[in-house]
Amino acid sequence: MTIQTFAIEMQMSVDRLIQQFLDAGITKTAFDFVTKKEREILFKHMNCNKIAVFNKLSLQRKIRSTLNVSSMDGKNKKIQIEVRKKRVYMVKCSIQDSYSVAQSHILLQNKKKNNNLKHDDSELVVECNLKNSKSMPVYANNIDISVFTPKSVVEEDCSSAMRVLCPTEKKLETKICCVVDHKTQKLENIRKQKGPLDSKGNKFNYDQDLNNVLEIKKNISDNFHKVIPSNEVIQDNSNKLENDRRSNGNKIRLRYKNLGKVIKHKRYCKSKSYIDIMNESEKEEKLCVSTTTYRVNKNKRKKSILLQSFNKPVDMISRDVVIGETISVSELSNKISVKSSYMIKVMMKLGLSITINQVLDQETAQLIVEEMGHRAILRRENELEELVMHHGDLNQISDSSVSSINKMVYKNRAPIVTIMGHVDHGKTSLLDCIRSTTITSSEVGGITQSIGAYCVNTANGGMITFLDTPGHEAFTRMRAQGVKLTDIVVLVVAADDGVMPQTIESINHIHNANVPVIVAINKIDKSKINIDRIKQELNNYNLIPEEWGGHTQFVNISAMLKIGINDLIDSILLQSEMLELKTVHYGMAKAVVIDSFLDKSRGPVASVLVREGELKCGNIILCGSEYGRVKAMRNSFGRLIESAGPSIPVELLGLSGTPVSGETLVVVSNEKKAKEVALYRKEKKREIKLSSNLEQSTLKNIFNNINSTSKVSELNFIVKSDTDGAAEVICESLKKLVVNGILMKIVSVSIGNITETDAVLASASKAIILAFNIKADIAARNIIESHHIDVRYYAVIYDLLNSVQQLICSKLTPKHKYEIIGLAKVRNIFKSPKNGIIAGCLVTQGVMKSHKKVKIIRNDVVIHEGELESLRHFKNDVNEIRSGVECGVGIKNYNDICAGDVIEVLDIK
């Protein structure tokens, strides 16, 4: 039968069948013939492989976890960790089965090797139990086979190997049988000499020991009819010799004894003996037969041979050291992998005397690294931030060619117009007239207290975005922010009031931002107005009308009667055409935060104005120290939209917190990087806040604080507002109310209703809660009532500032305390050439003392405050006049005194 025919019968490919023959030790080609004996060898090899698989079970286990690691630059990174465990279970079998398993294991490991077979004399050590054979049967793990052969290889084919191997096996079997017979004869001699009892009176169990020896003879004789490839045995023997050499300090302990000599083991001298047998190749084979059972500690860990090698580096290792803007000495030493003491020594050689915790700047650290032979890589701390901020490709348009991109990228956009002016000059009324709404009637106190953004469609199909700014004095920051966002400013001036302080402030913001302005003179429907006077006043601030030769457009309007509204819109569109406002309408969007607030049901809400690109629902956004994904968007009319283009204001949901007004919002592609940048910014902001509040703890400052706080009253405030812009305005206004003698501190500023945390913080810091357009939660109310916390609710910023001003005045203690010590009534007036006018008085109450402060009261009104210059009783100068006594009184530098006036004498303390 050929190989090809045999492969068809075995239902496998010819190459695989040739490989199977090669694994069994037979070399074949695709055109050779297969004999019956070779097929039996192949079938036997394949059956051994199956037995080996069935007697072994391997279990693998994987445990995955995540570890957060903070790097040197303060970034947190997640590292995926996988722990792998493997356990192998072996089925116990008899000696004969164990020989089959061992043989199959050897055959499996013989792949990709030559098919040479080698057999040489070997040393065999067999340990078995001759006592208690019923409780402990003979298992394969009680047999230890140690084979020592030289490395010479006899290259013969399979048939010659079989001819060499079979006689050798018969000789080895004959020798082992001799060993067993020798042991049996020895047991018979001992029974005859000692009898049934030993020296201690114990009974020998000779029959049981004899049966165990005979069982060993039977099992061992069956195991010798196996074919074992000697090249694998040689390789295993070499590996074992190498392991023994390494583990025992290059010492191999081999025992060569004489034939038939019984050797007592030192540890088990009474229970174990070695019987040595010499084979043909002058090598020693020992059969160790144990006559005593001893317990084996299964829990005892096996000695593992750990092969380690370490070579001391000869050449210097050059490292790439990443250096930020600042780095401490300990961090730098860790990056270079040297001790801190060695690092300090190097710095001392360079003339730097520093400590281990001292912070180095980037240039100094670079000098030290290069001095030590390493390469310094300079990094900016905000490198990742800049990469993320500039990552958006606004020119990326899907399904468009490069030629169409150049034509479609830059398009005209709607102008952004900011309405500015003094309070109550009609800014919101003008916007209501343009939008046909009634926002003014819904505003608390009749004033605008937050910045608003609205879109208006014009008659010619265009669109204008209006920003309404508050006109109160406290909202300076909002007006400055509105100027930064705008393209055109409409300055509203009331015709009856003219130029007012906030009008002048708005003009200064316009000049600083270099923004074109259109002046709208409102309330022209009122009587007794002078428009030329207003133009002249504005001319003093470089706002020259066009009819006077300037470049500023003046439009006369009336928001109440809707006069001149169309002319104003035409002026805005004309100015926008002159500016040629263009931007990108596709790609990743960029926007600016107008305001933000915390909604109870929707969470953080941010009002943003898109500057370029297209903002879509689902985009990953980064805004200051907050990040998130756009969940929903609403336009200025409150309708849900899916996308927003340039110059369109929207309210979006999905940020992790309320961003600060004026922050730039960008769309990024990687949420993980956006989170890292947000955490970095938040940490940076916290460090700046801590460094600004931290003072140097010197002895001089401590005494200064003790002296200052002993005379100063302290006021703590917790500011809670509905929007971020209003909270900033309140904080800035409170800082302006600082008075000497009052230490005012803002403990916390946040957005949203008063929570339980705010109430607990107010109770701990003894602070007053200023609530602007918000209310308290139920849990917070209970704490407020139980701890008697001072909470003040306001809806108009006027009321808030006036209340805080009164609170500050009530905390002020007067520098001088005036006490009335006497009253006198003027009865007559006398003229003295020396002292001038002298008032003749009668002391009605208290005491009159000379050189004291006095008040002259006429008709219950104080008409003069001065000093008592002279006091006489008749013609004698006295220092004191008591009640009921008449006297003459002279007031210093005052002669307008009349009869009937009352003089109060004051004592200053």
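So what is the relative contact order for region 818-908, in percent, with contacts set as C-alpha pairs under 8 Å and at least six apart?
With pairs under 8 Å counted, the relative contact order is 41 percent.
Tell me the trypsin sites (Lys or Arg not before Pro) within region 781-877 that lie in a loop according to DSSP and have at most 15 other beta-carbon atoms within 10 Å.
Passing sites in region 781-877 are LYS815, LYS817, LYS834, LYS875.
List the residues, sorted by chain then number, that are 5 or more residues from LEU743 or on another chain and whose placed amide H is less than 5 Å from its amide H.
Long-range HN contacts for LEU743: SER713, GLU714, LEU715.
Among 502-511, 332-341, how do they line up by average Cβ neighbours within 10 Å per residue, starting with the highest?
Most protected by this proxy first, the peptides run 502-511, 332-341.
Taking amide H positions as placed 1.01 Å from N in the peptide plane, with prolines and chain starts having none, which residues 5 or more places from ILE354, or on another chain, fall under 5 Å of its amide H?
none
Could you derive backbone 3J(HN,Hα) for region 453-460 from the dihedral phi with the Karplus parameters 6.51, -1.76 and 1.60 (θ = phi - 60°), listing whole Hz in sequence and x where the residue is Gly or Pro?
Listing the rounded values in order: 10, 9, 10, 10, 8, 8, 5, 8 Hz.
With the cut-off at 30 Å, tell me which of the pairs LYS853/LYS875; LYS616/LYS675; LYS335/LYS672; LYS616/LYS689 have Cα atoms farther apart than that.
LYS616/LYS689, as the Cα separations exceed 30 Å there.
Quick one: net charge of PHE6's neighbours, Cβ under 14 Å, K/R +1, D/E -1?
0
Tell me, rounded to the nearest percent, the portion of alpha carbon pairs in region 3-89 spaced more than 16 Å apart.
Percentage above 16 Å: 69.
Which entries of LYS825/LYS855; LYS682/LYS735; LYS631/LYS682 show an alpha-carbon separation above 21 angstrom in the structure shown?
LYS682/LYS735; LYS631/LYS682
In whole Å, what is the distance between the alpha-carbon centres of region 848-909 and region 507-570?
Using only Cα atoms to place each centre, the spacing works out to 61 Å.
Which value, to two decimals, describes the C-alpha radius of gyration of region 321-379 once divided by 2.2 N^0.38 Å?
Taking the Cα Rg and dividing by 2.2 N^0.38 Å, one obtains 0.95.
Count of lysine pairs in region 3-89 with Cα atoms under 29 Å apart, counting only pairs 8 or more residues apart in sequence or on different chains?
Lysine pair count for region 3-89: 20.
We did not get these values from a lab; they are worked out from the coordinates using the rules stated. The structure displayed is predicted, hence computed values, not measured ones. Here the Cβ is made from the backbone with ideal geometry for all residues, glycine too, and neighbour counts use every protein chain on show.
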